[in-house]
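The structure under discussion appears below in the form of structure tokens.
Bear in mind that the values in this text are calculations on the coordinates, not laboratory data. Owing to the predicted nature of the structure, the values given are computational and were not obtained by experimental measurement. Cβ placement follows ideal geometry from the backbone for every residue including glycine, while neighbour counts extend to all protein chains displayed.
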Ligand code: SD4
């Protein structure tokens, strides 16, 4: 704790993502480049059905991707409900650096990505399509399930031990600058057009280079309602430790909707300027990965309310 550079990210697929980010950080590179490179690993992973390519589709069979990125200057970019582009985090960064805008959605985001050199391609894999057909046969109604992508992953890939969900990543580089990235295919079987917290600056991700950064995973609606990641950073500004800030943000969600909160998962992950980190979730089972000069693949079980 307290060591910089450092990179942390949500869930156990964060270990591999952190190691990729570390390659940039250890060379003295910028945190922004590190988080972009890091989250591209789960975006490309075909075994991962909740981020990027091979993500589970929405109710109507469309794979729609959400991502955002934020740097040490407060620059930010995002895409939401984007189809047919394998690396939404790259597009989010292009929105940040090449347009006067923050958020592009749907076909406009895809067009912008293509104009900027990315390939339009099919992201729905036969495996994900089959899982969708099975879901349609079974119930065909959308209802959030705690750590849902994780359970679906394990059902669909026997022997798969990993948790798989949205990846949120926060890094501090050797200059002490902070950046963050967040990318997801959103809740599996969501309504077409539904956008969660992950591409919303302040909800799924927030960075303030003076204070720290925060990111979230779980049912995005509850995170948006409470402007979760912004709240966590503001609490750290008031002196909360990263873990206490995450805990207070989770408590707000529970207090506002206790009946809903019982049945859903939301987890926050945060880091402060000193490189201290912490997390807190509504339900058990929220893990996060830490990588710095002394430990490359630490996996921590986040504390939880229940
Ligand atoms: C969303 N927060 O779209 C994301 C997805 C997620 O567990 O993290 N699911 O709401």
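Side notes on the structure shown:
- Helix-only arithmetic for the chain: the sum of -39500 (n - 2.57) across DSSP H runs with n ≥ 4, divided by the residue total, places the mean residue ellipticity at 222 nm at -10500 deg cm²/dmol.
- Residue among 191, 104, 25 with the largest mean-square fluctuation in a Gaussian network model of the chain, springs linking Cα atoms under 10 Å: 191
- With R₀ set to 22 Å, the beta-carbon distance separating residue 263 from residue 301 gives a calculated FRET efficiency near 0.55.
- When the alpha carbon gyration tensor of the chain is reduced to an equivalent ellipsoid, its three semi-axes come out at 27, 22, 18 angstrom, largest first.
- Per the Cα gyration tensor, segment 223-306 maps to an equivalent ellipsoid with semi-axes of 23, 16, 8 Å, ordered largest to smallest.
- Order of 128, 9, 216, 179 under a 10 Å beta carbon neighbour criterion, fewest first: 128, 179, 9, 216
- Most fluctuating residue given options 192, 49, 87, as computed from a GNM of the chain linking Cα atoms under 10 Å: 192
- Calculated log₁₀ intensity ratio I(q)/I(0) where the Debye formula runs over C-alpha points of segment 54-131, q = 0.13, 0.27 Å⁻¹: -0.38, -1.19
- Per-selection Kirkwood Rh - segment 247-296 (Cα, Å, 1 d.p.): 12.3
- Cα-based shape type of segment 17-100, given that a ≥ b ≥ c are square roots of the gyration tensor eigenvalues and the cut on a/c is 1.5: oblate
- Candidates 233, 195, 114: whichever shows maximal mean-square fluctuation once the chain is modelled as a Gaussian network with Cα springs under 10 Å: 114
- Per-residue Cβ neighbour rank within 10 angstrom, fewest leading, 36, 121, 97, 83: 121, 97, 83, 36
- Global size of segment 171-259 as Cα Rg and Dmax, reported in angstrom: 13.6, 44
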